[in-house]
Amino acid sequence: MEFVNTFWALVPPIVAIVLALITKETYSSLFIGIVVGALLLAGFDPIETVNTIISGSFIPAGGTEEDALTTGLVPALSENAGIFVFLVMLGVFVALVNSSGASAAFGRWAARHVKSRLGSQLATFVMGVLIFVDDYFNCLTVGSVMRPVTDAKRLSRAKLSYLIDATAAPVCMIAPVSSWAAAVSGVAGDLGVDGIQLFISAIPFNFYSLLTLVFVVAITVIGFDYGPMAKSELAAIRDGELGSLGNDKEVENSRANLFDMIIPILVLIAFCIIGMLYVGGFFGADTSGCTDYAGDFIGAFGNTDAFVGLPWGGIIALVLTVIYLVARRVVGFREAMGCIPKGFQAMISPIIILTLAVSLKTTLNALGAADYVHDLMYAASEGLYNMLPAVIFLVACVLAFASGTSWGTFGILIPIVTAIFPSDSALLYIGISACCAGAVCGDHCSPISD
């Protein structure tokens, strides 16, 4: 395969990104990027190209069958089934709370207590900081809770989306107890390094994440918007055009009150944290049979699998929420069950984008993008040793921007960073922080981000 481990490995994401920026349409852009990658992998053989798009397997040069890399839409679905299940559960959860009238009740309460647009934005930021366990969980929870508040204050959906996304990943990236800490420490731990200690030591140097949080507060307090965001905010303030995608009309119910929103949210947060701790082995043997982290809070989070822990907690929280709302008679059992297809339909779009983004990432892996970047990094390390953290940051930005994923960037660059810098060097912590910061930055900027 002449295109493997060369610059051609970066062509599929470049195509996807350019198309996304031109067309402003994500589905077709991602799919065309996948097709381009499949053509390169298959040597432009039409039948093999289709196999690669659906479900393919490639053995790297010099590797064995155990080293085979999978590509295609089917593996992307199967390998990420856990987060898809959690997305559907959250969709059902939001539909249930909305159908009961709890969202409207919370919005009425917030409208009385949150007096200004500034207050609604700061409340969104604070809630985003408090939910630091996982970025998916953060975005979906904060979005569903704060939407009634920001709608009442005529804050555009574009600005709400920015506040949520600009807070979610950076706060997870500087929280020692989060799925992101687990991802970074897990990659480092496989290399014989104390992953959690390395992650914690790198936090003070993660300038992008820290300064992004400062920036969010600054533009909120100053009231400064620019570019398309300023246009969205002007339309929201002047004309009441919030930029809604529809299907989010709130139901009024005289039986519903503030606690019908707060209690389910607290239950969801509590059980998702418990689920991640359980899967990580905090309560004894975890799903892999490991007992090393019993009673170890930080260690259990470092050992957890968010794709299992979040659905574990989500299903319990969803069942308890149905029981609570039906017992309160704010929603009937039949109506509660009707929220299941509603929630699924609401999550179709993110599921499609995730599937396509993951499939594109696996295609990049099979094309050897990691090896190509690895060779470039080592070539740069000889002449730019003291400038390497800056180089690492830029490379991480490009990789995350091209692949649309931070975690995939961790897997590519962290092994390189730990190999370049000695374990007793302060540059190791700076290099890891540069990798993490660059991954978040590129992911934030990417139009094909999951």
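Count neighbours as other Cβ atoms within 10 Å of each site's Cβ, and list the trypsin sites (Lys or Arg not before Pro) in the stretch 82-151 that are DSSP loop with at most 13 such neighbours.
Working: sites: ARG108, ARG112, LYS115, ARG117; in loops: LYS115.
In loop regions of the stretch 82-151 (DSSP not H, G, I, E or B), the sparsely surrounded trypsin sites (Lys or Arg not before Pro) are LYS115.
Between the stretch 232-282 and the stretch 401-450, what is the C-alpha centre distance in whole Å?
Here the two parts' Cα centres lie 31 Å apart.
What's the ranking of 17-23, 386-392, 31-37, 197-203 by average number of surrounding C-beta atoms within 10 Å, highest first?
31-37, 197-203, 386-392, 17-23
Say each of VAL214 and GLU252 gets a label point 7 Å from the Cα, pointing the same way as Cα to Cβ; how far apart are those two points in nm?
Rounded to a tenth, the inter-label distance reads 4.7 nm.
LEU234 to LEU21: extension gain in nm, 0.36 nm per residue of separation minus the Cα-Cα distance? Don't skip to the answer; put the middle values down first.
Working: separation 213, 0.36 × 213 = 76.68 nm, distance 2.33 nm.
Here the segment from LEU234 to LEU21 would lengthen by 74.3 nm.
Sorting ASP424, ASP260 by accessible area (1.4 Å probe), largest first, what list results?
Per-residue accessible area, sorted high to low, gives ASP424, ASP260.
Within the chain, how many lysine pairs that are 8 or more places apart, or on different chains, have C-alpha atoms less than 20 Å apart?
Counting lysine pairs in the chain gives 9.
Let me check something: with ligands and nucleic acids excluded, how do CYS172, CYS441 order by accessible area (1.4 Å probe), largest to smallest? Mind dumping the intermediate values first?
Values: CYS172 0, CYS441 25 Å².
Largest accessible area first, the list is CYS441, CYS172.
Can you tell me the Rg and Dmax of the stretch 1-136, counting just the alpha carbons, in angstroms?
When restricted to Cα atoms, the stretch 1-136 yields Rg and Dmax of 22.3, 66 Å.
Largest first, how would PHE84, PHE271 line up by accessible area (1.4 Å probe)?
Working: PHE84 20, PHE271 55 Å².
Sorted by accessible area, descending: PHE271, PHE84.
Compute, for TYR278, the solvent-accessible surface of its heavy atoms (probe 1.4 Å) with the complete set of protein chains present, and express it in square angstrom to the nearest 10.
Counting only protein heavy atoms, TYR278 exposes about 80 Å² to solvent.
Mind ordering 163-169, 214-220 by average Cβ neighbours within 10 Å, highest first? Display every interim value, and only then the final one.
Numbers: 163-169: 23.3, 214-220: 15.4.
In decreasing order of mean packing, 163-169, 214-220 become 163-169, 214-220.
For the chain, what percent of Cα pairs sit more than 37 Å apart? Walk me through the numbers on the way to the answer.
Values: 27670 of 101025 pairs.
Tail fraction, whole percent: 27.
Ignoring ligands, DNA and RNA, what percent of the 1.4 Å accessible area of the chain is carbon and sulfur?
Working: 13090 of 19730 Å².
Reported share for carbon and sulfur atoms: 66 percent.
Can you tell me, using C-alpha contacts under 8 Å and at least 6 residues apart, the relative contact order of the chain as a whole percent?
24 percent
How many Å² of accessible area per residue for the stretch 64-219, probe 1.4 Å? Spell out each step's value before the answer.
Details: 5530 Å² over 156 residues.
That works out to 35 Å² for each residue.
Taking the Cα atoms of the stretch 300-339 alone, what are Rg (to one decimal) and Dmax (as a whole number) in Å?
14.0, 41
Return the FRET efficiency for the residue pair ILE263, PHE207: r is the Cβ-Cβ distance, R0 is 60 Å, and the value is rounded to the nearest 0.05. Please report the intermediate quantities before stating the final value.
Working: r = 39 Å, r/R0 = 0.64.
That pair, ILE263 with PHE207, gives E of 0.95.
For Cα pairs less than 8 Å apart in space and 6+ apart in sequence, what is the mean separation divided by the residue count of the stretch 142-245, i.e. the relative contact order in percent?
The normalised contact order for the stretch 142-245 reaches 37 percent.
Sorting check: for 86-96, 323-333, which peptide has the highest mean count of neighbouring beta carbons within 10 Å, and how do the rest follow?
Values: 86-96: 24.2, 323-333: 16.3.
Going by the mean number of other Cβ atoms within 10 Å, highest first, we get 86-96, 323-333.
Could you check the simple spin-label distance between GLU66 and ARG328, using points 7 Å along Cα→Cβ, in nm with one decimal?
Distance between label points: 5.4 nm.
The values are calculated or read from the model by the stated rules, or taken from the named source; none is laboratory data. Keep in mind the model is a prediction, meaning the values are calculated, not measured. Cβ sites come from the backbone with ideal geometry, for glycine too, and all protein chains shown count toward neighbours. SASA here: full protein model, heavy atoms, side chains in, ligands and nucleic acids out. Shrake-Rupley method; radii C 1.70, N 1.55, O 1.52, S 1.80 Å.
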